[in-house]
Amino acid sequence: MDKNYERDYISKHQQIKEKLIDLTRENKRACFDVAKLAYQLGMDIRTVRAHLKVMEVDMVGFFMDPGEKQFCTKEGIALLSDMLKLKDKDGD
């Protein structure tokens, strides 16, 4: 692999992963629209989707639908789980 291509690939991968983490923390959401994520990053949707597929293998998150239009982060799902536990305790 060409060193410039490798650096570019790694840089894009890191950008996407950091954006997912930031969005999860800022918005307290678990899942994100892949097209909107690509737009916010200024990247091609196919590029973002390909990187998300790698992240899915690495257990960063997973696609929610067969069309791979929604991606959910592990941190976001944990956040939702905690919110549900709190609501359940308040309802007791």
- Residue list for region 14-37, restricted to those being touching a Lys or Arg at 6+ places or on another chain (Cβ under 8 Å) and of a type outside the set (D, E, K, R): 23, 34, 35, 37
- When the residues of region 2-35 are filtered to those that are among the hydroxyl-bearing types (Ser, Thr, Tyr) and surrounded by 11 or more Cβ atoms within 10 Å (Cβ to Cβ), which remaining residue is farthest from the chain's Cα centre (by Cα)? 9
- Got a number for residues in region 1-30 being of a type in the set (Gly, Ala, Ser) and assigned to a helix (DSSP H, G or I)? 1
- Note on the structure: Condition set free of Cβ contacts under 8 Å to residues at least 24 places away in the same chain and assigned to a loop (DSSP other than H, G, I, E, B), scope region 42-92, selection nearest to residue 5 (Cα to Cα): answer is 44
- Test each condition in (1) closer than 23 Å to residue 79 by Cβ; (2) not in a strand (DSSP E or B) for residue 39 and report the one that comes out false. (1)
- Query: Is one or more of the residues making up region 36-56 among the small types (Gly, Ala, Ser), surrounded by 13 or more Cβ atoms within 10 Å (Cβ to Cβ) and modelled with pLDDT of 95 or more?
  - Reply: yes
- Message: With the requirement that a residue be closer than 25 Å to residue 35 by Cβ and not charged (D, E, K, R), what does region 71-87 give you?
- Response: 71, 72, 73, 76, 77, 78, 79, 80
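The values are calculated or read from the model by the stated rules, or taken from the named source; none is laboratory data. Since we're looking at a predicted model, the values are computed, not measured. Cβ: placed from backbone, ideal geometry, glycine included. Neighbour counts: every protein chain shown.
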